[in-house]
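Note sheet for the following structure.
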Amino acid sequence: MIELNSKQRKILEKAAHDLQPVVIVGGAGMTDGVIQMTDNSLKAHELIKVKFNEYKDEKHELTEELCQKCDATLVRIIGNVAILYRQAEKEEDRQFKL
């Protein structure tokens, strides 16, 4: 995980504005499938949204757990949607120059 300063967070929040959630946490909670889907989505896109349809009261704890397991950084939680970021491994694949 990388630490983001406020300027970097603003850049990523603005970029995430038009994104649709690609991972949804439902009644089954934080399953291996959710973790795998998050990891694959971060590999493909760097910046994703995770929507909490269930477990809304535990979203902060679940998001922290998801970030640790996927080596991602939490940009912000807005409502029941978490914005996650993980920098691409290859320099040429990076969409954001932070």
Flagged pairs (Cβ under 7 angstrom, 6 or more apart or on separate chains; first in the range 12-32, on the phi > 0 side of the Ramachandran plot; second in a loop (DSSP other than H, G, I, E, B) and not acidic (D, E)) are G29/Y55
Checked pairs for the range 35-50, first of a type in the set (D, E), second assigned to a strand (DSSP E or B) and open to solvent by less than 30 Å² (accessible area, probe 1.4 Å), C-beta under 8 Å and 6 or more apart or across chains, list as E46/Y85
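Can you pull out the strands (runs of 3 or more DSSP E) entirely within the range 18-98 that have at least 3 residues that are closer than 19 Å to Q8 by Cα and open to solvent by less than 90 Å² (accessible area, probe 1.4 Å)? Working first, answer last.
Details: elements: 23-25, 47-52, 73-78, 81-85.
Where strands (runs of 3 or more DSSP E) fall fully within the range 18-98 and carry at least 3 residues being closer than 19 Å to Q8 by Cα and open to solvent by less than 90 Å² (accessible area, probe 1.4 Å), they are 47-52, 73-78, 81-85.
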If you go through K59, K69, the only one that is in contact with a Phe, Trp or Tyr (Cβ under 6 Å, 6 or more places away or on another chain) and among the charged types (D, E, K, R) is K59
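The values are calculated or read from the model by the stated rules, or taken from the named source; none is laboratory data. Treat the numbers as computed from the prediction; the structure is a model and nothing was measured. Glycine gets a Cβ as well: all are built from the backbone with ideal geometry, and neighbour counts include every protein chain shown. Ligands, DNA and RNA are stripped out before the accessible areas are found, and what is left, the full protein with its side chains, is counted by its heavy atoms. Shrake-Rupley method; radii C 1.70, N 1.55, O 1.52, S 1.80 Å.
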